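A short worksheet on the structure shown next.
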Amino acid sequence: MTNKWSEKEVSFLKRNYKTLSKEEIAIKLGRTTYAVQNKIKQLKSKGLFDTKLKERDSWSKEDDERLLDMYGRLSLTKIGSLLGRKPDNCRRRYYKLMGTSALTFATGYFTPPELAKIVGVDRKTINNWIRYHGLTYTDMINKHGVISASDFWKWVSKGNQNRINYKKYEEGILLPEPKWVTTKISEAKKDTTRTGEWTMNEIKALKFMFDKGETVTNVAATLNRTFSSVRWKKHELYSNGGN
């Protein structure tokens, strides 16, 4: 026989079912997810839940942390449901937390720093893409150069797919996205290749191998780094005289 729900438990459920997942509620109440799901269904059938999504004005620190954790892993509809907010509101909040302007959200144009943050590279890399690799750059907004999401994906599709750090890229920002982006993100999550800052030992090993005449492919395999990462690090080091 199942334990009867107390008034305190029901009150907690009614206050939090829009902002916490069923799993989180189950843990806090010491019940199974199945029991929580059934109770929500029961209360809704009796009209004891307001099923209309109401928009809250302010975002708490906890809301922001949960949004950042879920964005890119779950659909905006699901995130909105868990946070008790509209999907578009979640997207706008994410843009704001990422330092992306409201104008960017509305127009689909991104400044180089914004684009760099979204695709997981530094601004210098974006500038190099513009200067040396044909990424379209438009002087448009308050004399600041911008890049449209559509132009960016056209450029990526023309032999530049491997320049993106899909482990850091947040799906659903640069819209409309090509269908293959989801596959790339999924593959990147399974990839154990190292990313991030280079250690001094890695740099020393890289220089030692290149000085011996090793290829970028062999160095990347040895250091468990991506081909593009090694190629860029080589360019960075040797363009400065190898120091």
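Among the listed pairs Lys4/Lys46; Lys14/Lys44; Lys22/Lys167; Lys14/Lys41; Lys96/Lys117; Lys96/Lys167, which are separated by more than 19 Å between their Cα atoms?
As for pairs spanning more than 19 Å Cα to Cα, those are Lys22/Lys167; Lys96/Lys167.
If you plug each phi of region 172-187 into the Karplus form 6.51 cos²θ - 1.76 cosθ + 1.60 with θ = phi - 60°, what whole-Hz ³J(HN,Hα) values come out, in order, with x for Gly and Pro?
Here the 3J(HN,Hα) series is x, 9, 8, 9, x, 8, x, 5, 6, 4, 4, 5, 4, 5, 4, 5 Hz.
Take the Cβ-Cβ distance between Arg131 and Lys168 as r, set R0 to 30 Å, and report the resulting FRET efficiency rounded to the nearest 0.05. Write down the numbers at each step before the final one.
Numbers: r = 22 Å, r/R0 = 0.74.
The formula returns an efficiency of 0.85 here.
Since every read-out is calculated from the coordinates, none of them should be taken as a lab result. The structure displayed is predicted, hence computed values, not measured ones. A quick note on method: Cβ atoms are made from the backbone with ideal geometry, for glycine too, and the neighbour counts reach across all protein chains shown.
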